[in-house]
Amino acid sequence: MLLGAHMSIKGGLGESLIRGKKIGCDTIQIFVKSNLQWKARDTINFEIQEFFRNKSETKIDPVVAHSSYLINLASSDRRIRNFSIKSFKKELKTTQELKIPYFVFHPGYHKGAGLKKGIRLIAKALNQIISKDDPKTIILLETTSGQGSSIGYKFEQLAEIINLVNKKKRIGVCFDTCHVFSAGYEVRNKKDYEKTFEEFEKNIGINKLKVFHLNDSKGDLESRIDRHQHIGEGYLGLKPFRFIINDKRFQNIPMIIETPKDGGYKKDIDNLTILRSLIKTF
């Protein structure tokens, strides 16, 4: 299984790989710039080469990139929208320079403008962004919890965005267990787990699922609360993670934890150890 965690890029992009190796990651996820500001500096050649060198030495593969949380492609506010598209393009460019295959982003918040309009704005922005860029990086819509006016908490919403994008091969999905559960999809028993993925297959297609975020949930089913918890310590419990990790359809898909960093990386080690303990030998 490809199991890993979100790693800090403090000290340089390449340092994320060293951190990942130290805690036993097979794969990692990173922000390619500060998550808390719009502006991003150009990535210098030395930093890119160091990233490639550390990637080769640690054997961590693949690396997954995640967009900053400031980006909102569903915004009707012209200023926010322009900032979002510009920042998205810059972060995607850095992702491509690092030859990272997946770029995850939250679809966005419609802020009262309405779900349908928000979906159209997301698709319009994506069509603008990927019209002429490098086709090797797949952009992943992340499932959301439905908190506030967020878009993407129903599989049908993600499907509608994908259907409106011209270059559909460039778009995939990141399946976040906490978000999906909080949005109302039951996965805690085998029957409901299969039903949820049947619905995913019907609306989107399992072939579009490229990355998992494995997070337990501080909110109960259909709570619409986007709050992650350590594996087995939230409302999800261990069963859904056992189902996913032992599902042969997902054996080559990177699975990233984004669990709380209280206690630093020790908790990441604990969470990864728990997940690995769930793997059956066939």
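Observations on the model:
- Ile44 vs. criteria surrounded by fewer than 19 Cβ atoms within 10 Å (Cβ to Cβ), of a type in the set (Val, Ile, Thr) and more than 18 Å from Lys111 (Cβ to Cβ): yes
- Selected residue (only one of Gly11, Gly24 is among the small types (Gly, Ala, Ser), under 26 Å from Leu209 (Cβ atoms) and surrounded by fewer than 17 Cβ atoms within 10 Å (Cβ to Cβ)): Gly24
- Just one of the numbered conditions (1) out of contact with any Asp or Glu (no Cβ under 7 Å at 6 or more places or on another chain); (2) farther than 20 Å from Gly24 by Cα is not true of Asp176: (1).
- Sole exception among (1) modelled with pLDDT under 95; (2) in contact with a helix residue (DSSP H, G or I) (Cβ under 8 Å, 6 or more places away or on another chain) for Cys25, by number: (1)
- Residue check for Leu141: touching a helix residue (DSSP H, G or I) at 6+ places or on another chain (Cβ under 7 Å), free of Cβ contacts under 8 Å to residues at least 60 places away in the same chain and hydrophobic (A, V, I, L, M, F, W, C): yes
- Only listed residue being within 20 Å of Ile30 (Cβ to Cβ), of a type in the set (Lys, Arg), buried (at least 17 other Cβ atoms within 10 Å of the Cβ) and modelled with pLDDT of 95 or more, chosen from Lys218, Lys210: Lys210
- Within the stretch 103-128, the set of residues being surrounded by 15 or more Cβ atoms within 10 Å (Cβ to Cβ) and either touching a Pro at 6+ places or on another chain (Cβ under 7 Å) or at pLDDT below 95 (or both) comprises Lys111, Ala113, Ile122.
- The set of residues from the stretch 148-201 being of a type in the set (D, E, K, R) and within 23 Å of Thr259 (Cα to Cα) comprises Lys154, Asp176, Glu186, Arg188.
- Subset of the stretch 240-279 [of a type in the set (Lys, Arg), closer than 24 Å to Lys191 by Cβ and touching a helix residue (DSSP H, G or I) at 6+ places or on another chain (Cβ under 8 Å)]: Arg249
- The residues on offer are Leu73, Leu92, and the sole one that is among the aliphatic types (A, V, I, L, M), in contact with an Asp or Glu (Cβ under 7 Å, 6 or more places away or on another chain) and crowded, with 22+ Cβ neighbours inside 10 Å is Leu92.
- In the stretch 171-220, residue farthest from Leu236 (Cα to Cα) [restricted to those that are touching a Ser or Thr at 6+ places or on another chain (Cβ under 8 Å) and assigned to a helix (DSSP H, G or I)]: Ala183
The values are calculated or read from the model by the stated rules, or taken from the named source; none is laboratory data. If you're wondering where the values come from, they're calculated on a predicted model, not measured in any experiment. Here Cβ is always computed from backbone atoms with ideal geometry, including for glycine, and neighbour counts include all displayed protein chains.
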